[in-house]
Amino acid sequence: MYELYTKILSMIGIPEIFAQMSWPVFPFGCIAALLVFVVIFLVLMERKVLAWLTIRKGPNRVGPNGFFQTFADAIKLLFKEDIMSKQTNKVLFTLAPMIVFVPVMVIYGLMPFTEHLIAINLAVGLFLIFALSSITTVGIVLGGWASNNKYSLLGGMRSAAQAISYEIPLVIAVLSIAVLAGSLNMLDIVKAQEGGILSWNFLPAFIGFVVLFICSIAEVNRIPFDLPEAESELVSGYNTEYSGMKFALFFLAEYSALFIISVLIATLFLGGYLPPFNDYLSVILLDNIINNPAIMDLLVHIEQGFWLVAKTYAIIFAIIWIRATLPRLRADQLMAFSWKFLLPLSFLNLILVATLKLFI
Amino acid sequence: MKNVISKTISGIIEIGRGMSTIMKHFFRKPITLEYPEKKPELNGRFRGRLALLTKQDGSDVCIGCKSCAKVCPCGDLIQVETSKDPETKKLNVDQFTIDIGRCIFCGNCTDVCPVNAIVTTDQFELADYSRESLVMDKAALTLNPEESEKVRDKKERV
């Protein structure tokens, strides 16, 4: 990849020293671009799907069928005045959206989108992903505290309470995957699920799949677990006092977290980039026609990306569907559900999976 | 323990029912009315802008009794000026002005009218640039015979 990169740069006429310097930053540039495009599409998708599920039409004024609505919204947010009230702690107030946003962006680099498309291939990838995803909560609490606003503070506090109670079943549910794969490396976890839909992890660890799904909805603060925002109670929760670019960062972090948590569920339980059949479709269909292995590799690579995106968006659709159906939980119901129900269930799942692993 | 399990199962069934209901909505036609392009079909009882009806031959229905002006809760909102016809000894309605800007669309004037001359129509787009332009005189209020017939039809059908 590096040779190709320097070749392209030298063709444009940029010296090699610049290529050497910019190469380590290059993957993160790609990730940032991916993230922005994903979020722009996701916001539109959420509004459209939610409208269809509630017998409405959704945005349909800007561009064909409203496809440019999100661009219009983004431009509006960028040009808005950045308001900060008098008594706020200005350093923390500015820092909070960044602390929310940066870990999510790093997680993008740890995800195996295809076999080769993984920016940082770590041996402890899974561990780092969950370590980073908890940092987001610190940013939310910080934003709520620094705003000097009762609603923001309540939202931030709720977020902390929610994160503490939901991260434990989440991590224990994921632990069963580490047991099944025998590794914390994301690529190894995907490769352990090779061989069609029946060898995906959601079959042996079905309870874990359900627990992880519920917990990840709580993790990204979406309805029915959107207590930190709780529009009808706390105005807008932790981001009440934010406007302009800082609010846009919160917004961006929220939706990119939704995308990445869906990729995570797909990777851990639904075989990641692997196809639901025994072999890749392009191999099954075109093996006799195309004899060039380079083209075949490229086709398989594209197909891997297709499968991951298809699974991810199926999960996102399910999450939006749940949003359209269920009402928000009360704070005590939320806690009771996590500690009394999900935590024992995740332990049960871990014991079952460990027993299964021992005998197979 | 048994209680928890039965509660869980019934909860899953209930959530599943709710989810399938929402999924059915996915395939339904949207009920959104794209307003400025498409206008809603309103009921005959809708109380919009006031109007004066005319008979088939184009003459006023109004007999100039001023009941509407008396019953109006907004004071001098309806102003009627009449003059006596020397030959037939009937009242002629010379001026009939309504300040729509102050009207509360209560419909009392239509109830009290002995000949059903004043009616509420289904026109609701009354925004304008000045208060003066909202004061409507007799020419602006009076509907022509065909429109009057339509309005009467609609009122009767309700």
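Counted residue by residue at 0.36 nm each, then reduced by the alpha carbon distance between them, the extension gain from A:Asn278 to A:Ala331 reaches 14.6 nm. A Förster radius of 45 Å combined with the Cβ-Cβ distance from A:Tyr5 to A:Phe67 puts the calculated FRET efficiency at roughly 0.90. Applying a 4.7 Å cutoff between beta carbons, the unpaired cysteines of chain B are B:Cys62, B:Cys65, B:Cys72, B:Cys74, B:Cys103, B:Cys106, B:Cys113. Counting every alpha-carbon pair across the stretch A:291-360, the share separated by more than 15 Å comes to 76%. Would you mind classifying the stretch A:80-359 by shape? Square roots of the alpha carbon gyration tensor eigenvalues, ordered a ≥ b ≥ c; an a/c under 1.5 is rounded, otherwise it is prolate if a/b is larger than b/c and oblate if not. Since a/c reaches 1.5 and a/b is larger than b/c, the shape of the stretch A:80-359 is classed as prolate. The order of B:Ile63, B:Ile22 by accessible area, most exposed first and with a 1.4 Å probe, is B:Ile63, B:Ile22.
In the stretch B:47-156, carbon and sulfur make up what percent of the accessible area (probe 1.4 Å)? Write down the numbers at each step before the final one.
Working: 3260 of 6720 Å².
Taking all protein chains in place, the stretch B:47-156 shows 49 percent carbon and sulfur surface.
Within straight-line reach of B:Lys7, meaning a Cα separation under 21 Å, sit the following lysines at least 8 residues removed in sequence or on another chain: A:Lys340. Rg over Rh for the stretch A:153-250 works out to 1.13, using Cα positions for both radii and the Kirkwood form for Rh.
Each label point was placed 7 Å from the Cα along the Cα-to-Cβ direction; for B:Asp128 and A:Ala33 their separation is 5.8 nm. Legend: residues in the stretch A:34-71 shielded by at least 10 square angstrom of accessible surface upon adding the remaining protein chains to the isolated chain (1.4 Å probe, heavy atoms) are A:Trp52, A:Leu53, A:Ile55, A:Arg56, A:Lys57, A:Asn60, A:Arg61.
Extending 7 Å from the Cα toward the beta-carbon at both A:Phe341 and A:Thr54 defines two label points whose distance is 2.4 nm. Dividing the summed helix terms, -39500 (n - 2.57) for each DSSP H run of n ≥ 4, by the number of residues in chain A produces a 222 nm estimate of -22500 deg cm²/dmol to the nearest 500. With the cut-off at 1.5 for a/c, could you classify the stretch A:40-113 from its C-alpha gyration tensor as rounded, prolate or oblate? It is oblate, given that a/c is not under 1.5 and a/b is not larger than b/c.
Can you give the longest stretch of chain B with no exposed loop site, where a site means trypsin sites (Lys or Arg not before Pro) in a DSSP loop (not H, G, I, E or B) with at most 14 other C-beta atoms within 10 Å? Walk me through the numbers before you get to the answer.
Working: sites that count: B:Arg28, B:Lys38, B:Arg45, B:Lys55, B:Lys89, B:Lys90, B:Arg131.
After excluding every exposed loop site, the longest remaining stretch is B:91-130.
What is the percent of Cα-Cα separations in the protein assembly as shown that go past 35 Å? Summing the P(r) tail past 35 Å for the protein assembly as shown gives 54 percent.
Take the accessible area of chain B alone and of chain A alone, subtract that of the pair, and you get about 1500 Å² summed over both chains, using a 1.4 Å probe. Within the shell of other residues whose beta carbon sits under 13 angstrom from the beta carbon of A:Thr70, the net charge comes to +2, with Lys and Arg scored +1 and Asp and Glu -1.
Once the Cβ-Cβ distance of B:Val71 and A:Met98 is raised to the sixth power relative to R0 = 60 Å, the FRET efficiency obtained is 0.35.
What is the gain in length, in nm to one decimal, between A:Glu16 and A:Ile83 on full extension, counting 0.36 nm per residue of separation less the C-alpha to C-alpha distance? Please list the in-between numbers first.
Numbers: separation 67, 0.36 × 67 = 24.12 nm, distance 4.38 nm.
This chain segment gains 19.7 nm when fully extended.
All Cα-Cα distances of the stretch B:9-68, cut into 5 Å bins from zero to the largest, leave 3, 11, 9, 10, 11, 9, 8, 8, 7, 5, 5, 5, 4, 3, 1 percent in each bin in turn. For the stretch A:323-343, accessible area lost to neighbouring protein chains reaches 10 Å² or more, against the chain alone with a 1.4 Å probe, at A:Ala324, A:Thr325, A:Leu326, A:Phe341.
Note on the stretch A:99-190: with neighbouring protein chains present and a 1.4 Å probe, carbon and sulfur make up 75 percent of its accessible heavy-atom surface.
In chain B, excluding the sites themselves, the longest stretch lacking any of the GluC sites (Glu not before Pro) that are in a DSSP loop with at most 11 other Cβ atoms within 10 Å is B:42-86. The share of C-alpha pairs in the stretch B:50-157 whose separation exceeds 17 Å stands at 54 percent.
The values are calculated or read from the model by the stated rules, or taken from the named source; none is laboratory data. Since this is a predicted model, take the numbers as computed values, not measurements. Heads up, the Cβs are rebuilt from the backbone with ideal geometry, glycines too, and the neighbour counts pull from every protein chain shown. Accessible surface is based on the protein model in full, side chains and every heavy atom, while ligands, DNA and RNA are left aside. Shrake-Rupley method; radii C 1.70, N 1.55, O 1.52, S 1.80 Å.
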